[in-house]
Amino acid sequence: PESAKKIGHPAPFPQELPKRLIQLYSYEGDLIVDPFCGSGTTAVAAKSANRHYVGYDLNPEYISLAEKRLQDT
């Protein structure tokens, strides 16, 4: 799994966690909404599962981090 230091967020979780839930509870093309996007792990999982994604976070640094992670995937 990716480390907090590598990602730049103090509490990242494994991408497999949101990926499994996204695949179990949604269909390709569905919209995934994440009101606490943090480092963007759910966004990356949604993109890899062919879902649309909208995420929010109060911290502008984490929004930038999530945007960069999405561009890199």
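The numbers here are math on the coordinates, done by the rules we state, and not lab data. None of these values were measured; they are calculated from a predicted model. Note that we place each Cβ from the backbone using ideal geometry, even for glycine, and neighbour counts take in every protein chain shown.
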Computed, not fitted: 222 nm per-residue ellipticity of the chain from DSSP H runs ≥ 4 (each -39500 (n - 2.57)), nearest 500, equal to -13000 deg cm²/dmol
Residue-ordered couplings for the range 14-31, obtained by feeding phi - 60° into the Karplus form 6.51 cos²θ - 1.76 cosθ + 1.60 and rounding to whole Hz (Gly and Pro as x), are x, 4, 4, 4, x, 4, 4, 5, 4, 5, 6, 10, 8, 10, 3, x, 5, 9
The long-range amide H neighbours of Y53, using H built 1.01 Å from N in the peptide plane and a cut-off of under 5 Å, are I32
The extension gain from S48 to K68, computed as 0.36 nm times the residue separation minus the Cα-Cα distance, is 5.7 nm
For the chain the trypsin sites (Lys or Arg not before Pro) that pass both the DSSP coil test and the at-most-16 other-Cβ-within-10 Å test are none
Sites removed, the longest contiguous part of the chain containing no DSSP-loop chymotrypsin sites (Phe, Trp or Tyr not before Pro) with at most 15 other Cβ within 10 Å is 1-26
